[in-house]
1. Could you give each residue of region 30-37 its phi-based ³J(HN,Hα) in whole Hz, using Karplus coefficients 6.51, -1.76, 1.60 with θ = phi - 60°, and x for Gly or Pro?
2. Given K29/K91; K11/K89; K89/K110; K11/K110; K18/K82, which pairs have Cα atoms separated by over 26 Å?
3. Explain nothing, just compute: Karplus ³J(HN,Hα) = 6.51 cos²θ - 1.76 cosθ + 1.60, θ = phi - 60°, for every residue of region 14-27 in order, whole Hz, x for Gly and Pro.
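Just so you know, all these numbers are worked out from the coordinates, no wet-lab data involved. Since this is a predicted model, take the numbers as computed values, not measurements.
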Amino acid sequence: MERMNFEEFQKRMKEVAKARKIFIPHITKNISIAFELYQQVLAEEKMEVFISTAQGSNKPMTPIDDFIRPRCEECDSELRLKVNAIDEKGKSHSTSWICTECGREEYSDKSVQEWMEVLSEAGKQNDQTEE
């Protein structure tokens, strides 16, 4: 399966947001149906409604997939980036890194774009040390 780049991902997310705004909850409560309706009625170009997680290694595709992710300090699993995270005390954070294996979560006020820049720099440093 061909993976989306960041621009394609952003475009897809904008189209899904438009579908949600127009069709939910007035017509349906199901985002897949709303997106399908949006495609049939308003979309300029046809997009796939569903991306199989079996094809995408059993996790949703994100712009972060193009970078080496940090690993969990407790179990060494690859962390996933969560957007609009809320901690136990109810405080909102822009993002958090969460381990799906052990449940450890580290909150951050960095945006997804800022994390992409950090991960990009870390990748460049790793490339230079390997040479």
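1. With coefficients 6.51, -1.76 and 1.60, one gets 9, 5, 5, 5, 4, 5, 5, 4 Hz.
2. Where the Cα-Cα span goes over 26 Å, the pairs concerned are K29/K91; K11/K89.
3. Couplings: 5, 5, 5, 4, 5, 4, 4, 5, 7, 9, 10, x, 5, 9 Hz.
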